[in-house]
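I have placed the structure first, in the form of C-alpha cells, so that the comments after it can refer back to it.
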Amino acid sequence: MIKGIGVDLVMIVRVKEKGFKLAPQMLSERELSEWHVMGSSKYHWLAKAWAVKEATVKALGTGFGEEYKPKDIEYISPHVHIKGKKMDNVHLSVSDEGEYAIAYVVIEHPNIL
C-alpha cells in the first residue's frame with residue numbers, strides 16, 4: 001500500500017545562483033561535507049538534493065514546516081534518511097539533464113515507525 005508519492009523539479013541555474021548561501025541552510029552536516037569536496041557537478045548535486053527533500057516531504061504529506069526542516073531530510077545517494085524516523089520502504093529516483101534536476105519519491109505504508 002502506498003502512503004504517499006512526491007515529485008519535484010528544480011532549475012539548476014536557480015540553485016547555482018544561491019548555492020553558497022543555500023547549501024548551509026538546507027544540507028545536513030554530512031551532506032555539506034560531501035558537497036564541499038565536489039567538483040564541477042556540485043550544483044547539479046545540490047539541485048538533486050533539494051528536489052529529493054521537496055519530493056520527500058510531499059510524499060509524507062507534510063511539506064516543510066514545524067515537523068520537518070530541510071536539514072532533517074538527507075539525500076545520501078541512493079537513499080533518503082529522515083531525522084528520527086526509520087525508513088524501510090522509501091523508493092527514490094533522481095536524475096538531472098541539462099538545466100533541470102528531478103526527484104520522485106514513493107513511500108510505502110507502513111514504513112515510518
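Are there any GluC sites (Glu not before Pro) in region 24-83 that are in a DSSP loop and have at most 15 other Cβ atoms within 10 Å? List them by number. Each step should come with its number before you reach the end.
Working: sites: Glu29, Glu31, Glu34, Glu54, Glu66, Glu67, Glu74; in loops: Glu66, Glu67.
Passing both the DSSP loop test and the Cβ count: Glu66, Glu67.
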Query raised in the report: Given R₀ = 22 Å, FRET efficiency for Tyr100-Ser41 by Cβ-Cβ distance, to 0.05?
Result: 0.95
Report task. Provide the solvent-accessible area of Tyr68, counting protein heavy atoms only and rolling a 1.4 Å probe, rounded to the nearest 10 Å². Result -> 10 Å²
Query raised in the report: Given His36, Ser93, His79, which one lies farthest toward the positive end of the charge dipole of the chain, if we put +1 on the Cβ of every Lys and Arg and -1 on the Cβ of every Asp and Glu?
Result: His36
Query raised in the report: For Phe20, Phe64, what's the largest-to-smallest order of accessible area, 1.4 Å probe?
Result: Phe20, Phe64
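Can you give the direction-averaged projected area of the convex hull of the alpha-carbon atoms in the chain, in nm²?
The orientation-averaged projected area of the Cα hull of the chain comes to 6.6 nm².
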Report summary line: The correct ranking of Leu9, Leu92, Leu60 by accessible area at 1.4 Å, largest first, is Leu9, Leu92, Leu60
**Report entry** Members of Lys3/Lys69; Lys18/Lys85; Lys16/Lys69; Lys16/Lys42; Lys18/Lys48 lying beyond 18 Å, as alpha-carbon distances in this model show
**Finding:** Lys3/Lys69; Lys18/Lys85; Lys16/Lys69
Requested in this report: With the full set of protein chains in place, find how many percent of the accessible area of the chain is carbon and sulfur; take the probe as 1.4 Å.
Outcome: 54 percent
Requested in this report: May I ask you to rank Met38, Met26, Met1, Met11 by accessible area, largest first, using a 1.4 Å probe over the protein chains only?
Outcome: Met1, Met11, Met38, Met26
**Report entry** Longest segment of the chain lacking trypsin sites (Lys or Arg not before Pro) that sit in a DSSP loop with at most 12 other Cβ atoms within 10 Å
**Finding:** 1-82
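The values are calculated or read from the model by the stated rules, or taken from the named source; none is laboratory data. This one's a predicted model, so the numbers in the text were calculated from it and none came from an experiment. Heads up, the Cβs are rebuilt from the backbone with ideal geometry, glycines too, and the neighbour counts pull from every protein chain shown. Surface areas here come from the heavy atoms of the whole protein model, side chains and all, with no ligands, DNA or RNA. Shrake-Rupley method; radii C 1.70, N 1.55, O 1.52, S 1.80 Å.
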